[in-house]
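Asker: I have a structure I would like to understand better, so I am pasting it below and will then ask my questions one at a time.
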Amino acid sequence: MGYVVEAGLSSTKLVHGAPKYDTKSTPATEDLVAVRLKDVGPGTLQLGSSFAMALGDTTKKYEKAEEVLPSVTYGGKMSVMLLEVGARVWFYPRMAQVRQDVEGTARLSIPNGFLTPTLDLFPCFLEKQGLYGVVGAEHLFKLGSRFHVRPRAQVGAQGYDAKSERFHAQEVSVSSAVTALFGEGFYAAIRPSYTTLVSPSHYLADASFGGRSVAYVGFAVGAQR
């Protein structure tokens, strides 16, 4: 059995590349706890939850200032591919209707020593009834035994029946995860990213390049096994 426990802070909270709170500079906590059950059949079962809370003014979106996101995933290797499927539920404790949606999760990747392509799909089954999908590529650089750097580029698209949002390109982003590994599974990480929203102008409050662009940085410490 394995586990991961992580506590983090971020410059803002992003969902599908867009800031979740009132501004691009509303900081947030971003925490995670999960248990991994290895060798369950041919793969690994993970059960856990992430938690997020705004640390600044969220007047317009006060009810979504706290987020709880329990999830379950199962995955393993299939030939040269890694496949992981699961589901997660979006909860907002401050809202009158606490549960907001149930979302499936699926990730397909082809690990290799050069550039790993990935495909992520997040279908929403109930309220929003639609899909968010991401095509990306990444590579893991190991700098000795203590430091890992994982740069990534991705393109996301989405469409939902809610508000008649037609399927469209949503965001283009570049990011990196720089992780320092310590003894006994402890680690510290910094995760910067830069996103440009490419969705049609009528979906955006500010369609200028500055309004579409979001710089993000997250810091985290944790332990895993």
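The values are calculated or read from the model by the stated rules, or taken from the named source; none is laboratory data. Owing to the predicted nature of the structure, the values given are computational and were not obtained by experimental measurement. Positions of Cβ are generated from backbone atoms using ideal geometry, with glycine treated the same way; all protein chains shown enter the neighbour counts. SASA here: full protein model, heavy atoms, side chains in, ligands and nucleic acids out. Shrake-Rupley method; radii C 1.70, N 1.55, O 1.52, S 1.80 Å.
Asker: Given the criterion of a type outside the set (D, E, K, R) and closer than 26 Å to SER173 by Cα, identify the matching residue among VAL15, VAL35.
Answerer: VAL15
Asker: Pull up the stretch 192-210, narrow it to residues that are modelled with pLDDT under 90 and among the aliphatic types (A, V, I, L, M), then point me to the one that is surrounded by the fewest Cβ atoms within 10 Å (Cβ to Cβ).
Answerer: ALA205
Asker: Specify which of the listed residues (GLY86, GLY76) is more than 24 Å from GLN158 (Cα to Cα), among the small types (Gly, Ala, Ser) and either in contact with a helix residue (DSSP H, G or I) (Cβ under 8 Å, 6 or more places away or on another chain) or part of a strand (DSSP E or B) (or both).
Answerer: That would be GLY76, the only listed residue that is more than 24 Å from GLN158 (Cα to Cα), among the small types (Gly, Ala, Ser) and either in contact with a helix residue (DSSP H, G or I) (Cβ under 8 Å, 6 or more places away or on another chain) or part of a strand (DSSP E or B) (or both).
Asker: Is there a residue in the stretch 48-63 that is at pLDDT below 95, basic (Lys, Arg) and within 26 Å of GLY222 (Cβ to Cβ)?
Answerer: no
Asker: Restricting the stretch 1-24 to residues that are in a strand (DSSP E or B), over 17 Å from ALA189 (Cβ atoms) and among the hydrophobic types (A, V, I, L, M, F, W, C), which is most open to solvent (accessible area, probe 1.4 Å)?
Answerer: Of everything passing the filter in the stretch 1-24, VAL15 is most open to solvent (accessible area, probe 1.4 Å).
Asker: Can I ask one more? Which of the residues belonging to the stretch 9-34 are under 17 Å from SER50 (Cα atoms) and of a type in the set (D, E, K, R)?
Answerer: LYS13, LYS20, GLU30, ASP31, listed by residue number.
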